[in-house]
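**Student:** Take a look at this one; I'll ask things after.
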Amino acid sequence: VDHVVEVGGPGTLAQSIAATRVGGHISLIGVLTGRGGEVPTAVLMARQIRLQGLIVGNRRQQMDLVRALDATGMKPVIDRSFALEGIADAFRHQEAGAHFGKICLEF
């Protein structure tokens, strides 16, 4: 693919590198599988892939994003919602890695 949005981190980075075309781009925006691990640098270099780490913005930027989403009608993919009292179940659901989309807490 041309551009991978990598949210898993070290546990899925090798898979993202394998999926990226020669000269493609990986945006690393999450570390759901941990903060440390190996990076297959030889493959990254051989395929001339650009790897860019990104962090989230500040509160004002978050509010700007929410306004933009409201204006365009875009909706996030929600996998499952949990009552606040079920937060431990929500974390177990995330840890299982079977979700697709956002896991939400309702309060």
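**Student:** Can you tell me how much longer the chain between Val77 and Arg92 gets when fully stretched, taken as 0.36 nm per residue apart minus their C-alpha distance, in nm with one decimal?
**Tutor:** Length difference between fully extended and current span is 3.5 nm.
**Student:** If you don't mind, there's one more thing I want to ask. Amide H to amide H, which residues 5 or more places from Val4 or on other chains are under 5 Å from it, using H placed in the peptide plane?
**Tutor:** It is His25, Ile26, Ser27, by chain and number.
**Student:** How high is the FRET efficiency between Val56 and Gln15 when r is their beta carbon distance and R₀ equals 30 Å, given to the nearest 0.05?
**Tutor:** With R0 = 30 Å, the Cβ-Cβ based efficiency is 0.85.
**Student:** Which of these values of percent of Cα pairs over 16 Å apart was calculated from the structure shown: [x] 69; [y] 56; [z] 63?
**Tutor:** Among [x] 69; [y] 56; [z] 63, the one derived from this structure is [x].
**Student:** Average projected area of the Cα convex hull of the stretch 22-71, in nm²? Write out the running numbers ahead of the final one.
**Tutor:** On the way: hull surface 20.5 nm².
Averaged projected area of the stretch 22-71's Cα convex hull equals 5.1 nm².
**Student:** Can you tally the net charge around Ala83? Count Lys and Arg as +1, Asp and Glu as -1, for every other residue whose Cβ sits under 12 Å from the Cβ of Ala83.
**Tutor:** Taking every other residue near Ala83 into account, the sum is -2.
**Student:** Follow-up question, since we're still on this one. Subtracting the Cα-Cα distance from 0.36 nm times the residue separation, let me have the gained length for Val5 to His99 in nm, one decimal. Please report the intermediate quantities before stating the final value.
**Tutor:** Values: separation 94, 0.36 × 94 = 33.84 nm, distance 1.66 nm.
Stretched fully, the Val5-His99 segment lengthens by 32.2 nm.
**Student:** Also, I was wondering about something else. Got a number for carbon plus sulfur as a percent of the stretch 59-105's accessible area, 1.4 Å probe? Don't jump to the answer; show the numbers that get you there.
**Tutor:** Working: 2290 of 3940 Å².
Looking at the stretch 59-105 in its full context, I get 58 percent from C and S.
**Student:** Applying a 10 Å radius around every beta-carbon, put 68-77, 50-59 in order of their mean neighbour count, most first. Write down the numbers at each step before the final one.
**Tutor:** Working: 68-77: 8.5, 50-59: 10.2.
Highest mean packing first, the order is 50-59, 68-77.
**Student:** Right, something else. Any idea of the accessible area per residue across the chain, 1.4 Å probe, to the nearest Å²? Walk me through the numbers before you get to the answer.
**Tutor:** On the way: 8030 Å² over 107 residues.
Spelled out: the 1.4 Å probe surface of the chain, per residue, equals 75 Å².
The values are calculated or read from the model by the stated rules, or taken from the named source; none is laboratory data. Here the structure is a predicted model, which means the values were calculated and not measured. Please note: Cβ atoms are built from the backbone with ideal geometry, for glycine as well, and neighbour counts cover all protein chains shown. Keep in mind that these areas ignore ligands, DNA and RNA; they rest on the heavy atoms of the full protein, side chains included. Shrake-Rupley method; radii C 1.70, N 1.55, O 1.52, S 1.80 Å.
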